[in-house]
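K.L.:
First, the structure itself, so that you have it in front of you.
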Amino acid sequence: MQRRKSVKERMEKTAYILDYMREGNPLDKHAQHKNRPVLQMVGEDYFMLIEASPISSNIDFQIEQKLVLTEAPVKVDFHITYEDLTTVAKDELPRVLRKIVTEEKSSIFVDFFNKAEPLTLKLHALELLPNIGKKTLRIILEERKKQPFVDFKDIETRVGIKDVPSIIVERILKELQGGEKYYLFVYPIFEERSKKLGEHVIYVGYLEKLGKQNETGTTLSNK
């Protein structure tokens, strides 16, 4: 059995800036960020929400800027929840997520439509996406058996749905806001807290799973 990874082992390698507060954030729950420069970011691999401090106050950062965290002049301080984000960060988040979905991870998300599997006997992973009901699910499964989807446009044309990236972004946002049972893409950093409350949270982790399969050449069976 594969050993389960911890949050520390799932560290983000790259992240996008959602907000940069040069004078700090007086409303931040972390004392060190109330009057010192602070960045709020979202990771590219697990969509973890992060607060970080610049190593120097003389460094300028731009919203939507992509940082390689092992090389960037910042120190990651905390993982945060959606509710911890500033209004600016919340407004910026959908745009950054769309950029990740369409530019950085498009092939993996198309692969998700080709390889997603049932979660239970009655629930398929694809049904957790907005506007994907039983009828649309059936069309997706039939079409991918004929030929794998090659890009978002191919999915939209053959399945008859509009703006696939927006559908994916909406699901990611829902997972980031919490309260879900299944997490297809977002790693739920609040999982241990949820377990203490008796909630059953399942991290499916399709980005992680499909990314590894692309690296190793292994495949999921289509069901």
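K.L.:
With no solvent and one equal point scatterer per Cα, compute the Debye intensity ratio I(q)/I(0) for the chain at 0.08, 0.18 Å⁻¹ and report its log10, rounded to two decimals.
P.N.:
Each listed q corresponds, in turn, to -0.32, -1.35.
K.L.:
Only four residue types carry charge here, +1 at the Cβ of Lys and Arg and -1 at the Cβ of Asp and Glu. Report the dipole size of the chain about the Cα centre in Debye, rounded to the nearest 20.
P.N.:
940 debye
K.L.:
Once the Cα gyration tensor of the range 105-216 is diagonalised, what are the square roots of 5 times its eigenvalues, in whole Å and ordered largest first, as equivalent ellipsoid semi-axes?
P.N.:
25, 15, 13
K.L.:
With r as the distance between the Cβ atoms of GLN213 and ASN35 and R0 = 45 Å, compute the FRET efficiency 1/(1 + (r/R0)^6) and round to 0.05.
P.N.:
0.45
K.L.:
Next question. Within 10 Å of each candidate Cβ there may be at most 15 other Cβ atoms; applying that plus a DSSP loop requirement, which GluC sites (Glu not before Pro) in the range 34-106 survive?
P.N.:
Those satisfying the criteria are GLU64, GLU71.
K.L.:
How large is the charge dipole for the range 105-216, taken about the Cα centre, if only the Cβ atoms of Lys, Arg (+1) and Asp, Glu (-1) carry charge, to the nearest 20 debye?
P.N.:
320 debye
K.L.:
Between the range 22-63 and the range 109-140, what is the separation of their alpha carbon centroids in Å?
P.N.:
Taking the Cα centre of the range 109-140 as reference, the centre of the range 22-63 is 36 Å away.
K.L.:
Projected onto the charge dipole of the chain (+1 at Lys/Arg Cβ, -1 at Asp/Glu Cβ, origin at the Cα centre), which of GLY133, GLN65, HIS79 gives the Cα projection farthest towards the positive end?
P.N.:
GLY133
K.L.:
Here is a follow-up. Please give me, ordered by residue number, the trypsin sites (Lys or Arg not before Pro) of the range 57-159 that lie in loop per DSSP and have at most 15 other Cβ atoms within 10 Å.
P.N.:
LYS122
K.L.:
May I pose another question? For ASP19, what residues show an amide H to amide H distance below 5 Å, using hydrogens built from the backbone and excluding near sequence neighbours?
P.N.:
GLN40
K.L.:
Are any of the pairs LYS75/LYS174; LYS90/LYS146; LYS122/LYS212; LYS29/LYS181; LYS135/LYS181; LYS174/LYS212 more than 31 Å apart by Cα-Cα distance, and if so, which?
P.N.:
Pairs exceeding 31 Å: LYS90/LYS146.
K.L.:
Can you compute the helix-only [θ] at 222 nm over the chain? Use -39500 (n - 2.57) per DSSP H run of at least 4 residues, normalise by all residues, nearest 500 deg cm²/dmol.
P.N.:
-10000 deg cm²/dmol
Quick note: the coordinates plus some simple rules give every number you see, no bench work behind them. Quantities reported herein were computed from a predicted structural model and do not represent experimental measurements. Don't worry about glycine lacking a Cβ; one is built from the backbone with ideal geometry, like all the others, and counts go over all protein chains shown.
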